[in-house]
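K.L.:
Structure below; questions to follow.
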Amino acid sequence: MNPLIRKGGKRPFLIAGPCSAETPEQLLETAQRLKANVNMDMLRAGIWKPRTRPDSFEGVGAVGLSWLVDAGKEIGLPTTTEVANAKHVEEALKAGVDVLWIGARTTVNPFAVQEIADALEGTKIPVMVKNPVNPDLELWLGAFERLEKAGIHDLVAIHRGFSVYKHPKYRNVPNWELPIALRERLPEMPIINDPSHITGNRNLLLEVSQKAMDLNFDGLIIESHRDPDNAWSDAAQQLTPESLGEMLRVLVLRSKEVTSEVEDGLTQLREKIGVLDDRLFEILTTRMQLSEDVGLFKKENNITILQEEHWKRVITARMDKAGEYQLTLKFIRQVMDALHQESIRHQIRVMNPGVNVNDRDAK
Ligand code: PEP
Ligand code: MN
């Protein structure tokens, strides 16, 4: 089957469906409501779910494959599901699933990817490969190479973000520079963004989808459920087919104006700077949250906010590294002073809940 997902094809190529197949009715109703509300191209549902904790719902298993294939036929669209070992591949192929995907927890393991590649040898089924859970471009590339060697050439990348401990905003941080780097290495590979697993939160799906479109991703894979709050897995990030339809209508698709190679090069560099700036500000947010923890700790122990000696040591240590950072002393001083002021503002706020610190700054 032609995978439909082509660079320069319909944008965004849209894959939608529930995180997990739960019952035949849940899958069919979700698929029908999606078809009625969303301009989508493929139906997804997880059959075998790789869950972090063993007492979570681990998928209905092979019995759900025919529910997925039947729901796809009912709405006239191809289907896709996740496979994590040779047995899954065999069962999914037998059931007639059109496209397979390799999940983030599988991409990290070359043994597992090789087992899947071996099981796929001799077939022509398209395969989508999610990025590994850790931000390792080579591991992601390695998975594509293993599949290519097994004769699988219809390949698509899915960017679903990377695990970190306690992020203030995302379930999996996007690290947009990774998919951008993948595009540099494999310019012909279609890349799909998975805002559901990046955000873990339905309220952030639009923001991340918009960013993916602005960075010229080819498609989106989004989890949608007939009754999201009662979904058996990933409830917080799923939304109803109707809400997904509304969200997609708000998405702005800007055309990529490439008049010359020079402009293209410049755009790529600016994209990289933009994503690094995003990360800088996310790190600043986390850093200020830690400052607030320090403030609370000082309050509990009755210590004043300003600890002059400590601060002098911190600044000196940074300035000593000016050469290593290749930054001027003046710049380091300005950044550290700005950080310090903002940090004090956060500490005052948590130590004196009644004081309006924002007014102070307005001057
Ligand atoms: C999924 O798509 O349902 C899934 C389990 O994704 P990931 O491998 O990205 O965690
Ligand atoms: Mn999911």
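K.L.:
Kindly evaluate Glu82 against the criterion of being crowded, with 23+ Cβ neighbours inside 10 Å, over 25 Å from Ser209 (Cα atoms) and within 14 Å of ligand 1 (Cβ to nearest atom).
P.N.:
no
For (1) farther than 26 Å from Ala45 by Cα; (2) within 14 Å of ligand 1 (Cβ to nearest atom), each residue gets a yes or a no:
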residue: Ile152; (1), (2): no, no
residue: Phe162; (1), (2): no, yes
residue: Arg171; (1), (2): no, yes
residue: Trp176; (1), (2): no, no
residue: Pro187; (1), (2): yes, no
residue: Pro190; (1), (2): no, no
residue: Asp194; (1), (2): no, yes
residue: Ile198; (1), (2): no, yes
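K.L.:
Residues that are at pLDDT below 95 and not in a helix (DSSP H, G or I): does the range 191-213 have at least one?
P.N.:
Looking for residues that are at pLDDT below 95 and not in a helix (DSSP H, G or I), one finds none in the range 191-213, hence no.
K.L.:
Which ones in the range 314-326 are of a type in the set (A, V, I, L, M) and closer than 19 Å to Gln341 by Cβ?
P.N.:
Val314, Ile315, Ala317, Met319
K.L.:
If Gln210 passes every condition in (1) within 12 Å of ligand 1 (Cβ to nearest atom); (2) surrounded by fewer than 21 Cβ atoms within 10 Å (Cβ to Cβ); (3) closer than 21 Å to Thr285 by Cβ but one, which one does it miss?
P.N.:
Among (1) within 12 Å of ligand 1 (Cβ to nearest atom); (2) surrounded by fewer than 21 Cβ atoms within 10 Å (Cβ to Cβ); (3) closer than 21 Å to Thr285 by Cβ, Gln210 violates only (1).
K.L.:
Can you give me the number of residues within the range 99-125 that are more than 16 Å from ligand 1 (Cβ to nearest atom) and in contact (Cβ under 8 Å) with a residue 24 or more places away in the chain?
P.N.:
Summing the residues that are more than 16 Å from ligand 1 (Cβ to nearest atom) and in contact (Cβ under 8 Å) with a residue 24 or more places away in the chain in the range 99-125 gives 12.
K.L.:
Right, here's the next one. Kindly indicate which of Val133, Val164, Val173, Val156 is open to solvent by 10 Å² or more (accessible area, probe 1.4 Å), under 21 Å from Arg105 (Cα atoms) and either in contact with a His (Cβ under 7 Å, 6 or more places away or on another chain) or touching a residue at least 60 places away in the same chain (Cβ under 8 Å) (or both). Can you show your working first?
P.N.:
Details: Val133 fails: either in contact with a His (Cβ under 7 Å, 6 or more places away or on another chain) or touching a residue at least 60 places away in the same chain (Cβ under 8 Å) (or both); Val164 fails: either in contact with a His (Cβ under 7 Å, 6 or more places away or on another chain) or touching a residue at least 60 places away in the same chain (Cβ under 8 Å) (or both); Val156 fails: open to solvent by 10 Å² or more (accessible area, probe 1.4 Å).
Being open to solvent by 10 Å² or more (accessible area, probe 1.4 Å), under 21 Å from Arg105 (Cα atoms) and either in contact with a His (Cβ under 7 Å, 6 or more places away or on another chain) or touching a residue at least 60 places away in the same chain (Cβ under 8 Å) (or both) holds for just one of Val133, Val164, Val173, Val156, which is Val173.
Quick grid of which residues meet (1) within 16 Å of ligand 1 (Cβ to nearest atom); (2) at pLDDT 95 or above; (3) not aliphatic (A, V, I, L, M):
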{"position": "Leu27", "(1), (2), (3)": "yes, yes, no"}
{"position": "Lys35", "(1), (2), (3)": "no, yes, yes"}
{"position": "Asp41", "(1), (2), (3)": "no, yes, yes"}
{"position": "Gly46", "(1), (2), (3)": "yes, yes, yes"}
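Conditions tested, residue by residue: (1) over 23 Å from Thr286 (Cβ atoms); (2) touching a Lys or Arg at 6+ places or on another chain (Cβ under 8 Å).
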residue	(1), (2)
Val314	no, no
Asp320	yes, no
Leu329	yes, no
Asp337	no, no
Gln341	no, no
Arg345	no, yes
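K.L.:
Of the residues that make up the range 56-74, is at least one part of a loop (DSSP other than H, G, I, E, B), touching a helix residue (DSSP H, G or I) at 6+ places or on another chain (Cβ under 8 Å), open to solvent by 10 Å² or more (accessible area, probe 1.4 Å) and aromatic (Phe, Trp, Tyr)?
P.N.:
no
The values are calculated or read from the model by the stated rules, or taken from the named source; none is laboratory data. Just so we're clear, the structure is a prediction, and the values are computed from it rather than from any experiment. We place every Cβ from the backbone using ideal geometry, glycine too, and count neighbours over all the protein chains shown. Each accessible area value is taken on the protein alone, full model and side chains, heavy atoms only, with ligands, DNA and RNA left out. Shrake-Rupley method; radii C 1.70, N 1.55, O 1.52, S 1.80 Å.
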